[in-house]
């Protein structure tokens, strides 16, 4: 499997290489149904661009933030179905941003996935403790990412979360 960092190492051809790889995971029935929204929080412009292009190609509506503060603002406004967050961010790290999003009643129920180059350890443990649902380690494999997105954004999964949320609020 070719990972995002392998594509980035290709330099200016990274986007072209990426689009040659994307059809490999776009099997029939794989494209997102409806307009599920993803908030992508990543400070590295190249990585953010590649991830956003990939998720858009899968049929998702992607909103982008390069800082934790921008992510908090966008999450409250956009109300995405999923948040994907890097841990190493300027101004406020991903763990603190995750904690703030999970403390806010308007964003606490949005599933949040962390993408990180950190090895499993104290940083990833803190992210999980702050409320992250899952950790994805860089380099990110596009097939695995596609499967994870489908798992969190399938109609069945989002309906199940909505019914749990409404049952809790009764």
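The values are calculated or read from the model by the stated rules, or taken from the named source; none is laboratory data. Since we're looking at a predicted model, the values are computed, not measured. Here the Cβ is made from the backbone with ideal geometry for all residues, glycine too, and neighbour counts use every protein chain on show.
Worth a mention:
- Here region 75-91 is the region considered, the condition is being in contact with a strand residue (DSSP E or B) (Cβ under 8 Å, 6 or more places away or on another chain), farther than 14 Å from residue 112 by Cα and surrounded by fewer than 19 Cβ atoms within 10 Å (Cβ to Cβ), and the residue that is modelled with the highest pLDDT is 78.
- Condition met for residue 107 (surrounded by 19 or more Cβ atoms within 10 Å (Cβ to Cβ), closer than 14 Å to residue 42 by Cβ, modelled with pLDDT of 95 or more and touching a helix residue (DSSP H, G or I) at 6+ places or on another chain (Cβ under 6 Å)): no
- Residues of region 113-128 that turn out to be over 22 Å from residue 40 (Cβ atoms) and at pLDDT 85 or above, as a count: 2
- Residue within region 43-54 that is under 17 Å from residue 148 (Cα atoms) and at pLDDT below 90 present: no
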